[in-house]
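Structure first, then comments.
The values are calculated or read from the model by the stated rules, or taken from the named source; none is laboratory data. All values reported here derive from a predicted model rather than from experimental measurement. Cβ atoms come from the backbone with ideal geometry, glycine included; neighbour counts cover every protein chain shown.
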Amino acid sequence: MTATIEIERNPATNTKCAQRTIIANGNEAVARAIVDIGYDGEGYYPITPSSEAGEVVSKAFAAGETDLAFVVGTSELAAIGICAGMAVAGGRAVDVTSANGLLLKIEELPAIAGLGLPMVLNLSTRDVSAPLNIKNGHTDLYATLGLGWIILMAPNVQAAYDMNIIAIKIAEAVNLPAIVAYDGFHTSHANRRFDVFADREDVRRFVGPPPFCGTLEGKNGRFSFLDVNHPRTFGPYMNDDLINSKVQLDLKFEKAYQLLPGIFDEYAGLTGRRYGFVEQYGDRSARHCLVGLNTIGEAARDAVDRLAAQDRATNLVIPTVLRPWPEQEIVDAIGSAGRIVVAERASQYGANNYLANEIGAALQRRGNAATILQRTCGVGGLTITLDDALAFYELADRWPNFDDTDARRVKWYHGAWPGDPNYNPPQTIQPIAASACQYNGNGDGAASKVDLRVLSNMPTRFDKHAACPGCGIFTNLNLFLRGIDGHVCLLFNTGCGMVVTTGYPLTSFKVPYFHNLFHNACSTATGVVEMIKRFKTRGDLPEDITVIAVTGDGGDDIGMDQLVGCALRDDPFIMLEYDNKGYMNTGGQLCYSGFKGQINSNAHYGSQQRGKTRHHKDIIEILRGATPSYLATASEAHPADMIRKARKAQAVTRGGGFAFVKVISVCPLNWGMTEHGGVETVEAIVNACMHPLLEIERGITRITVDPEKKGKKVGVGEAFKLMGSAYRPLCESKNADLLAEIQAEVDHRWARLKAMAESQVL
């Protein structure tokens with residue numbers, strides 16, 4: 001994260017409200033606006049490239065700079081639900097997201113709009129999977145166009161700050177939620193100089209007091225769920241009257257359209273920074289015009305200047321408001337252009353593109369027959385440059401006089417390449433025959449003795465990968481798979497294990513592999529095993545196949561409901577969780593399996609907070625209530641125990657049951673530990689009973705490695721010393737009370753586990 005650098009302002013440029021120039025990126029600008037506004041709460045879930053915006057707010061909370069309720073959900077849907085609860089209670093709520101995170105929220109978005117709950121959602125735009133890509137695109141943005149949210153665009157870092165302040169003011173004025181969209185990486189991670197209010201009280205005066213400041217009766221027709229003296233029903237069931245609620249939404253947008261110019265004027269008076277529905281740059285009377293959102297428009301400014309220096313007049317239009325749709329302002333900004341290139345970071349497949357359609361309809365209603373040329377560009381993070389913008393103007397100038405058939409298309413792609421049709425990629429991974437994987441006898445799981453020397457001949461199911469040095473994921477995965485006979489199909493949730501093994505056009509896997517987004521591997525595995533059963537019944541599938549779904553990086557937070565469903569159905573596959581105690585793939589944010597007091601990028605130490613605030617989730621005990629066939633924990637420091645459990649898990653699935661195995665997985669990068677200390681650290685965690693090794697078969701519990709009986713039990717502090725800087729504060733004397741609390745919790749869980757193991761029914 002870039003440090004914020006404050007720069008002395010030139011007194012001559014000071015406006016009505018004192019401003020201060022800082023250097024930071026777009027995510028930090030969003031976070032600064034959130035803190036300046038003084039929100040009541042933020043629901044949060046990490047997703048690249050928006051994660052940092054929440055992390056900075058979390059750090060400010062820990063330091064006591066803001067007192068907002070910062071709540072980390074277990075999924076994107078949970079995060080927006082938290083915001084809905086804050087808003088219906090009468091609080092000011094804010095959220096940040098990107099791409100598939102937005103899609104997971106999407107069932108809540110029209111509900112929040114329909115209920116008239118003002119809030120702000122910051123969207124750091126990113127292309128929607130699949131294939132998985134974390135870079136900029138506007139497919140997520142366009143998915144929101146008809147959901148009833150005001151949509152403001154932030155083409156640069158300065159606008160990311162300013163539009164957040166404007167957004168909450170207009171949202172509360174008309175009782176609608178608002179989105180502020182800024183481009184992922186191009187803006188979210190771009191360090192720029194920009195101005196902020198020197199005194200955040202000036203921001204709060206501009207925004208206005210919270211709707212329920214001193215009274216729950218509110219203002220502007222907004223009511224609180226907490227007003228028990230005037231109880232109201234929110235979100236009722238509705239039949240014929242539903243159409244009338246839709247009328248109200250449109251009337252609110254009409255009001256927003258009327259109010260926004262005054263809000264823009266007021267903001268300009270305070271800051272000297274003027275925004276409008278649209279920004280027009282260049283010559284409005286030019287024959288050719290380019291329309292582009294956010295960083296497309298920003299990049300095209302240089303092209304307008306370059307062509308003007310050659311006495312070639314061009315026009316550039318950058319819409320800054322998408323909802324309410326500013327039809328008249330956009331038509332006026334386009335001016336007299338006869339050819340208009342609309343460049344968009346998304347394609348509406350099989351139809352004209354989104355923004356081009358809206359502009360075409362607006363022009364048609366005014367009898368303007370200008371030619372609209374559509375180009376999809378910049379998807380997957382491709383940067384739009386000066387040369388790209390010049391090419392768009394060249395397209396407008398020459399069209400349709402091109403030899404290239406694609407260049408003559410009204411709608412096509414800019415920046416795509418055909419590839420070499422004669423290229424025949426070499427096979428870099430050799431598939432594994434089932435006969436090469438029979439070192440476990442018949443795989444019935446009955447044998448308790450494991451000969452590691454014999455199993456060393458078992459071929460690995462994956463090859464080279466790009467994991468960080470010392471990463472525990474692949475040590476665990478390789479060891480576990482040595483206990484699995486025959487054919488294997490692997491499914492992965494999104495996480496480090498997936499990202500570092502499948503960078504296109506290569507793969508690490510010698511066996512079939514499937515990745516279906518962030519938390520869907522177990523449900524996808526259910527579909528796979530159902531088809532295996534069906535095809536085997538028909539006689540179409542002679543091979544015996546073991547299906548293993550791999551998760552980690554908090555995948556059993558966001559995917560908790562799906563995992564429980566698989567356990568309840570007792571679906572016949574293995575779920576292997578590598579528990580690395582955080583969302584490590586997206587920057588080390590907290591997940592609920594992390595230890596209390598652990599430092600995460602959204603759980604800091606300060607005067608108001610000491611790291612993660614809750615004890616670690618016990619996924620085994622949660623799943624126990626779903627009564628699956630087999631539950632177990634394992635450790636790379638106890639290889640024979642892990643392989644025996646792998647064999648048993650496979651036997652369970654072959655018998656038609658569900659098996660869940662959780663392994664502890666070190667993350668040297670985000671734990672801040674040595675790259676070479678994995679086995680020693682894991683052994684200490686097991687000996688401290690922080691990750692007890694056990695198995696539960698049909699509800700009956702057995703401890704498989706008992707450090708207490710072996711005289712190896714140690715305190716949790718001994719493990720934390722090895723686990724790195726993320727846990728180091730727990731070993732400091734000033735946090736002795738916190739360490740004692742963690743020790744007491746671990747001791748309680750260990751005592752409960754021993755009691756279960758001694759029982760004949762538990």
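Exactly one of these conditions fails for Arg702: (1) buried (at least 16 other Cβ atoms within 10 Å of the Cβ); (2) of a type outside the set (A, V, I, L, M); (3) part of a strand (DSSP E or B). Give me its number.
Looking at each condition in turn, Arg702 falls short on (1).
Could you tell me which numbered condition Arg365 fails, if it satisfies all but one of (1) farther than 29 Å from Ser124 by Cβ; (2) in contact (Cβ under 8 Å) with a residue 60 or more places away in the chain; (3) of a type in the set (D, E, K, R)?
Status for Arg365: all satisfied but (2).
With the structure loaded, tell me whether Phe197 is among the aromatic types (Phe, Trp, Tyr) and touching an Asp or Glu at 6+ places or on another chain (Cβ under 8 Å) or whether it fails that test.
In short, yes.
Looking at the range 87-109, which of the residues that are assigned to a helix (DSSP H, G or I) and surrounded by 24 or more Cβ atoms within 10 Å (Cβ to Cβ) is nearest to the chain's Cα centre (by Cα)?
Among those residues, the one meeting the criterion is Gly101.
Within the range 728-756, can you find the residues that are surrounded by 18 or more Cβ atoms within 10 Å (Cβ to Cβ), among the aliphatic types (A, V, I, L, M) and in contact with a strand residue (DSSP E or B) (Cβ under 7 Å, 6 or more places away or on another chain)?
Within the range 728-756, Leu753, Met756 meet the criteria.
Out of all the residues in the range 1-53, which are among the basic types (Lys, Arg) and modelled with pLDDT of 95 or more?
Across the range 1-53, the qualifying residues are Arg20, Arg32.
Looking at the range 562-614, which of the residues that are of a type in the set (Ser, Thr, Tyr) and outside any loop (DSSP other than H, G, I, E, B) is farthest from the chain's Cα centre (by Cα)?
Tyr605
Of everything in the range 129-162, what is touching a Leu at 6+ places or on another chain (Cβ under 9 Å), at pLDDT 95 or above and aliphatic (A, V, I, L, M)? Give them in sequence order.
Leu141, Ala143, Leu145, Leu147, Ile150, Ile151, Leu152, Met153, Ala159
Cβ-Cβ below 7 Å, separation at least six or inter-chain, first residue in the range 630-654 and within 18 Å of Asp579 (Cβ to Cβ) and small (Gly, Ala, Ser), second at pLDDT 95 or above and part of a loop (DSSP other than H, G, I, E, B): which pairs?
Listed by first residue and then by second, the contacts come to Ser635/His691.
Report, by residue number, each residue of the range 514-539 that is assigned to a loop (DSSP other than H, G, I, E, B) and either closer than 17 Å to Val488 by Cα or modelled with pLDDT of 90 or more (or both).
The one that is assigned to a loop (DSSP other than H, G, I, E, B) and either closer than 17 Å to Val488 by Cα or modelled with pLDDT of 90 or more (or both): Gly539.
Does Gly483 satisfy the criteria of being more than 24 Å from the chain's Cα centre (by Cα) and either modelled with pLDDT of 90 or more or assigned to a helix (DSSP H, G or I) (or both)?
yes
Taking the range 659-681 as the search range and keeping residues that are touching a Ser or Thr at 6+ places or on another chain (Cβ under 9 Å) and of a type in the set (A, V, I, L, M), which one is nearest to Ala467 (Cα to Cα)?
Val666
Select, from Val550, Val488, the only residue that is part of a strand (DSSP E or B), within 26 Å of Val682 (Cβ to Cβ) and under 21 Å from the mean Cα position of the chain (by Cα).
It is Val550.
Give me the residue from the range 222-242 that is surrounded by 10 or more Cβ atoms within 10 Å (Cβ to Cβ) and farther than 16 Å from Gly90 by Cβ and, out of that set, modelled with the lowest pLDDT.
Among those that are surrounded by 10 or more Cβ atoms within 10 Å (Cβ to Cβ) and farther than 16 Å from Gly90 by Cβ, it is Met238.
Tally time: how many residues in the range 703-759 are in contact (Cβ under 8 Å) with a residue 60 or more places away in the chain and of a type in the set (S, T, N, Q)?
The number of residues fulfilling the criteria is 3.
Can you tell me which of (1) closer than 28 Å to Pro707 by Cβ; (2) among the hydrophobic types (A, V, I, L, M, F, W, C); (3) assigned to a helix (DSSP H, G or I); (4) out of contact with any strand residue (DSSP E or B) (no Cβ under 7 Å at 6 or more places or on another chain) is the one Ala637 doesn't meet?
If we test Ala637 against (1) closer than 28 Å to Pro707 by Cβ; (2) among the hydrophobic types (A, V, I, L, M, F, W, C); (3) assigned to a helix (DSSP H, G or I); (4) out of contact with any strand residue (DSSP E or B) (no Cβ under 7 Å at 6 or more places or on another chain), just (3) comes out false.
Here is a list of conditions, (1) farther than 30 Å from Val128 by Cβ; (2) surrounded by fewer than 19 Cβ atoms within 10 Å (Cβ to Cβ); (3) of a type in the set (S, T, N, Q), and Thr475 meets all of them except one; can you say which number that is?
Unmet for Thr475, out of (1) farther than 30 Å from Val128 by Cβ; (2) surrounded by fewer than 19 Cβ atoms within 10 Å (Cβ to Cβ); (3) of a type in the set (S, T, N, Q): (2).
So which residues in the range 669-723 are in contact with a strand residue (DSSP E or B) (Cβ under 7 Å, 6 or more places away or on another chain), farther than 18 Å from Asp579 by Cα and not hydroxyl-bearing (Ser, Thr, Tyr), if there are any at all?
The answer is Ile696, Glu697, Arg702, Ile703, Val705.
For the range 192-212, give me each residue that is part of a loop (DSSP other than H, G, I, E, B) and either crowded, with 16+ Cβ neighbours inside 10 Å or in contact with a Gly (Cβ under 9 Å, 6 or more places away or on another chain) (or both).
Pro210, Pro211, Phe212
Here is a check on your reading of the model: is Leu249 within 30 Å of the chain's Cα centre (by Cα), within 23 Å of Ala178 (Cβ to Cβ) and either among the β-branched types (Val, Ile, Thr) or not in a helix (DSSP H, G or I) (or both)?
Spelling it out, it is not the case that Leu249 is within 30 Å of the chain's Cα centre (by Cα), within 23 Å of Ala178 (Cβ to Cβ) and either among the β-branched types (Val, Ile, Thr) or not in a helix (DSSP H, G or I) (or both).
Given the residues Ala632, Ala626, which is the only one that is of a type in the set (A, V, I, L, M, F, W, C), in a strand (DSSP E or B) and either over 23 Å from Ile484 (Cα atoms) or in contact with a Leu (Cβ under 8 Å, 6 or more places away or on another chain) (or both)?
On inspection, the qualifying residue turns out to be Ala632.
Considering the range 745-762 alone, what residues qualify as being hydrophobic (A, V, I, L, M, F, W, C) and closer than 26 Å to Cys667 by Cβ?
Across the range 745-762, the qualifying residues are Val746, Trp750, Leu753.
Going by the conditions given, is Asp451 in contact (Cβ under 8 Å) with a residue 12 or more places away in the chain and among the acidic types (Asp, Glu)?
Taking the combined requirement at face value, the residue does not satisfy it.
Just to check your reading of the model, which residue among Leu121, Leu141, Leu176, Leu152 is part of a loop (DSSP other than H, G, I, E, B), touching a strand residue (DSSP E or B) at 6+ places or on another chain (Cβ under 7 Å) and crowded, with 20+ Cβ neighbours inside 10 Å?
The match here is Leu176.
Look at Ala167 and say whether it is in the same structural domain as Thr144 (by TED's automatic domain parsing), touching a strand residue (DSSP E or B) at 6+ places or on another chain (Cβ under 7 Å) and closer than 17 Å to Arg92 by Cβ.
So Ala167 passes the test.
So for the range 213-232 (the condition being outside any loop (DSSP other than H, G, I, E, B), in contact with a Ser or Thr (Cβ under 7 Å, 6 or more places away or on another chain) and either in contact (Cβ under 8 Å) with a residue 12 or more places away in the chain or under 18 Å from Leu109 (Cα atoms) (or both)), does at least one residue qualify?
No, that holds for no residue.
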